[in-house]
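The values are calculated or read from the model by the stated rules, or taken from the named source; none is laboratory data. Just so it is clear, the structure is predicted and the values come from calculations on it, not from any experiment. Positions of Cβ are generated from backbone atoms using ideal geometry, with glycine treated the same way; all protein chains shown enter the neighbour counts. Protein only, heavy atoms only, side chains kept; ligands, DNA and RNA dropped before computing areas. Shrake-Rupley method; radii C 1.70, N 1.55, O 1.52, S 1.80 Å.
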Amino acid sequence: GENVEQHPSTLSVQEGDSAVIKCTYSDSASNYFPWYKQELGKRPQLIIDIRSNVGEKKDQRIAVTLNKTAKHFSLHITETQPEDSAVYFCAASSFGNEKLTFGTGTRLTIIP
Amino acid sequence: GAVVSQHPSRVICKSGTSVKIECRSLDFQATTMFWYRQFPKQSLMLMATSNEGSKATYEQGVEKDKFLINHASLTLSTLTVTSAHPEDSSFYICSARDPSSGIWTYEQYFGPGTRLTVT
């Protein structure tokens, strides 16, 4: 089955700086890669996703890049703000097999 | 976007009793729903795939006789934790994809989760 690794497990960034979180996956059949933000005790919230036919996607301060050859994808948050502090999870799934395999999570702390 | 609800949001039960958690898709029909478990400071781990009108598919290491899943309608899946023990205390989350959004829309919608505490 799919295995998703995520790094780093914790990340502290000065407000206004950029944050980068990286994930690698093992199953070459995976073709959908969402990123979720989860606050304590709440459900995961989709913040951005990318499909394997695209190498990069951007939504305001958030971007995701995908390298299919290397089987890794990254989340980039620019101009970080205190409200970006949360736990972020990457995930992977494949068309026809909707179940998501999650990474281990990154606790992001934005230092004011 | 589509909405998934869960009930209850929190439940405390005594060791040895059973607890039922409901997951509903409020504005779409879901032939497939997923149940995850999340221990404190850990990731979401898929427990099982709930299939409307058929048996659930359990992930390796998940006891199907302990975690009973029933997907009796296109909008409701239930997870029953039988003979609960303190180690079953966790955050249980369900999710579903809205199939009417098209085959190229992969987004899944998560319920708000149920915090189970077994004393």
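Things worth noting here:
- Counting protein heavy atoms only, chain B has 52 percent of its accessible area on carbon and sulfur, 1.4 angstrom probe.
- Mean partner shielding of peptide A:97-110, defined as the number of other chain Cβ atoms within 10 Å of each residue Cβ, is 4.
- Sequence-ordered 3J(HN,Hα) estimates for the stretch A:6-20 from the Karplus curve with 6.51, -1.76 and 1.60 and θ = phi - 60° stand at 9, 9, x, 7, 9, 8, 10, 9, 5, 3, x, 7, 9, 10, 10 Hz, glycine and proline given as x.
- Extension reserve of the B:Glu107-B:Glu22 stretch, reckoned as 0.36 nm per residue once the Cα distance is removed: 28.5 nm
- Each Lys and Arg adds +1 at its Cβ and each Asp and Glu adds -1 at its Cβ; summed about the Cα centre, the stretch A:30-73 shows a dipole of about 40 debye.
- GNM result for chain B, Cα springs below 10 Å: residue of B:Ser95, B:Ser25, B:Ser83 fluctuating most strongly: B:Ser83
- Förster radius 22 Å - calculated FRET efficiency between A:Ser28 and B:Thr57, Cβ distance, rounded to 0.05: 0.45
- For the stretch A:92-107, Karplus couplings with θ = phi - 60° (6.51, -1.76, 1.60), whole Hz, Gly/Pro x: 9, 8, 10, 4, x, 10, 6, 5, 9, 9, 9, x, 7, x, 10, 8
- Kirkwood radius and radius of gyration were both taken over the C-alpha atoms of the stretch A:5-112, and their ratio Rg/Rh is 0.96.
- Take each residue of peptide B:73-83, count the partner chain Cβ atoms within 10 Å of its Cβ, and average: the result is 0.
- Of the residues A:Ser93, A:Ile50, A:Gln81, the one whose Cα sits farthest toward the positive end of the charge dipole of the stretch A:34-97, with +1 on the Cβ of Lys and Arg and -1 on the Cβ of Asp and Glu, is A:Ser93.
- Rounded to the nearest 20 debye, the dipole size of the stretch A:1-100 about its Cα centre is 300 debye, using +1 on the Cβ of Lys and Arg and -1 on the Cβ of Asp and Glu.
- Dipole moment magnitude, nearest 20 debye, the stretch B:52-119 about Cα centre, only Lys, Arg, Asp, Glu C-beta charged: 80 debye
- Our coupling estimate for the stretch A:67-77, obtained by passing each phi through the Karplus curve with A = 6.51, B = -1.76, C = 1.60 and θ = phi - 60°, is 10, 5, 4, 8, 6, 9, 9, 9, 10, 10, 10 Hz, Gly and Pro reported as x.
- Per-q log10 I(q)/I(0), the protein assembly as shown, q = 0.08, 0.16 Å⁻¹ (Debye; single scatterer per alpha-carbon; no solvent): -0.30, -1.14
- Cβ-based net charge around A:Leu11, under 11 Å, with every Lys or Arg adding one and every Asp or Glu removing one: 0
- Of the solvent-accessible surface of chain A, computed with a 1.4 Å probe and all protein chains present, 46% belongs to carbon and sulfur.
- Highest-MSF residue in chain A out of A:Glu79, A:Glu98, A:Glu56 [GNM, Cα springs under 10 Å]: A:Glu98
- Per residue, the convex hull volume that the Cα atoms of chain B enclose (Å³): 102 Å³
- Length added when fully stretched, A:Ser9-A:Asp59, from 0.36 nm per residue minus Cα-Cα: 15.6 nm
- Peptide B:6-13, shielding by other chains (average Cβ, 10 Å cutoff): 0
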